[in-house]
Amino acid sequence: MYNCKYQTIRSKKYKKYYFCRNPKINNIINYKDCYDCNLKEYKKQKPIPNKKKKRTIATSIPKSVKEIVWERDNHKCIFCHVFVPVDCACCHFIPRSQGGLGIPENIFTACNKCHSEQDNGLNTIELEKIAEDHLKKYYGNKWKKKDLIYKKN
């Protein structure tokens, strides 16, 4: 198809054919006829919105936050204590799907293996408890789960 706004595909008795809806033609056409047509008009594409949603922005982790968390966690996975790159400081305690914010109080550092195990492994509950204790150690009594969730204004 050449994106002509008049060209459609129809079927009759389970056989497909091209049809032109242009008022001047309004008939069955060959595919090549549409290509050579002088009356062709192209479909206008809808503009793609460039603005991200507020929740998406609030739950994503900026590079500055990753660096803060990575330094706080001494460049190590909080579970197995292996040295990891700054990109591994991207684990949400409260998951993004549940509105977990991309703030240092909700983020911790974990290697890929431990992160996968914490997200959907057999030891998820135990690893979440370790992560919760780790975050409470740094933020004390100020750290509350309800403050880590995105709230719609």
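Any read-out appearing in this document is the output of simple, stated calculations on the displayed coordinates, not a laboratory observation. Since the structure is predicted, the reported quantities are computational estimates derived from the model, not experimental observations. Cβ sites come from the backbone with ideal geometry, for glycine too, and all protein chains shown count toward neighbours.
Of note:
- Residues Y42, Y18, sorted so that the one with the fewest Cβ neighbours within 10 Å comes first: Y42, Y18
- A simple spin-label model places the labels of K32 and S60 4.9 nm from each other, with each point 7 Å out along Cα-to-Cβ.
- Mean separation of Cα contacts under 8 Å, 6 or more apart, over the residue count of the chain: relative contact order %: 17 percent
- Rounded to 10°, Cα long-axis angle of helix 63-72 versus longest principal axis of the chain: 20 degrees
- Which of D147, D36 has the fewest Cβ neighbours within 10 Å, and the rest in rising order: D36, D147
- Distance between the C-alpha centres of the range 58-85 and the range 114-147: 14 Å, rounded to the whole angstrom.
- Counting every other Cβ atom within 10 Å of each residue's Cβ, I78, I25, I94 order from fewest to most as I25, I94, I78.
- Rounded to 10°, Cα long-axis angle of helix 124-139 versus longest principal axis of the chain: 60 degrees
- Converting the Cα gyration tensor eigenvalues of the range 40-118 into ellipsoid dimensions via √(5λ) gives semi-axes, longest first, of 35, 13, 12 Å.
- In this simple spin-label approximation, S11 and N153 carry label points 7 Å from Cα along the Cα→Cβ vector, and these lie 5.1 nm apart.
- Extension gain for the segment K53 to E71, taken as residue separation times 0.36 nm less the Cα-Cα distance, is 3.6 nm to one decimal.
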